[in-house]
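Heads up, the thing below is written out as structure tokens.
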Amino acid sequence: QTASREGFWFGIGGGAGRAEVTCDDCDDEDGETGGSGYVKAGWTLTPRLLVGGELNVWTRREDLGDTDAWLTMYNASATLTFYPSTVAGFFVKGGAGVAYLDTDVERRGSTITIDLGSGPGFLVGAGYDIRLGRVALTPAVNYWRGHMGEIEGRGVAVASGWKQSIVDVTIGVTFP
């Protein structure tokens, strides 16, 4: 049965991802695992080619005694998604945009969000739409990367040459 790829589409999903960070001043540390998610939307150009936008998020909570800190990495990308077949659900995608980094610090019921920086980012991935009527269950694997350069927290340089890389495995729902 031919997949019904036409018009507007929208998707949302989540899973887990592994983030690795490199910078000029960083120790060589192993990556960290955290929660990952996305929201995406766009328009079908042909039954094999979709154009859209995607926001990917990775986050991890650190317990610092009486303080909790959430480190969050984002990529906002314009994307192209290609289906080699009009019948099968396999796809590959790529895109470019902006990567972001921030942290939320919570202590005694108050939360402070600190924007640490932004810079160019890109996304590549692959997945498969499993049709369930008009919607699709969509498992996928993505690699996204951002290059922020200098990271600042409240006007103070924290790190230079910052690059973040995330590999995530997600499952989502795509309409239609």
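Here the gap between residue 88 and residue 157, fully extended at 0.36 nm per residue and compared with their Cα-Cα distance, gives a gain of 19.9 nm. Relative to one another, the C-alpha centroids of the stretch 131-176 and the stretch 7-30 are positioned 4 Å apart. In plain terms, the C-alpha convex hull of the stretch 1-62 casts an average shadow of 6.6 nm² when viewed from every direction.
Sites count as exposed loop sites when they are GluC sites (Glu not before Pro), lie in a DSSP loop, and have at most 15 other Cβ atoms within 10 angstrom; the longest stretch of the chain without one is 30-176. In the chain, Cα pairs under 8 Å separated by at least six residues give a relative contact order of 24 percent.
How many percent of all Cα-Cα pairs in the chain sit more than 29 Å apart?
Working: 4237 of 15400 pairs.
I get 28 percent for the Cα pairs in the chain exceeding 29 Å.
Taking only the alpha-carbon positions of the stretch 52-156 and ignoring solvent, what does the Debye formula give for the base-10 log of I(q)/I(0) at q = 0.15, 0.16 Å⁻¹? One equal scatterer on each Cα of the stretch 52-156 leads to -0.74, -0.80. The magnitude of the dipole of the chain, with charges of +1 and -1 set on the Cβ of Lys/Arg and Asp/Glu and taken from the Cα centre, is near 1260 debye. Farthest towards the positive end of the charge dipole of the chain, among the residues 55, 72, 8, is the Cα of 8, using unit charges on the Cβ of Lys, Arg, Asp and Glu. Comparing the stretch 100-176 with the 2.2 N^0.38 Å rule of thumb, its C-alpha radius of gyration ratio is 1.54 (two decimals).
Tally up the carbon and sulfur contribution to the accessible surface of the stretch 56-176 as a whole percent, 1.4 Å probe, everything protein left in place. The nonpolar share, carbon plus sulfur, comes to 63 percent.
Normalised per residue, the accessible area of the chain is 52 Å², obtained with a 1.4 Å probe and no contribution from ligands, DNA or RNA.
As an exercise, identify the trypsin sites (Lys or Arg not before Pro) in the stretch 57-114 lying in DSSP coil whose Cβ has no more than 13 other Cβ atoms within 10 Å. Can you show the working numbers first?
Details: sites: 60, 61, 93, 107, 108; in loops: 108.
Sparse-neighbourhood loop trypsin sites (Lys or Arg not before Pro): 108.
The values are calculated or read from the model by the stated rules, or taken from the named source; none is laboratory data. Source: prediction; values computed, not measured. Because the Cβ atoms are built from the backbone with ideal geometry, glycine has one as well, and the counts that use them run over all protein chains shown. With ligands, DNA and RNA removed, areas are computed over all heavy atoms of the protein, side chains included. Shrake-Rupley method; radii C 1.70, N 1.55, O 1.52, S 1.80 Å.
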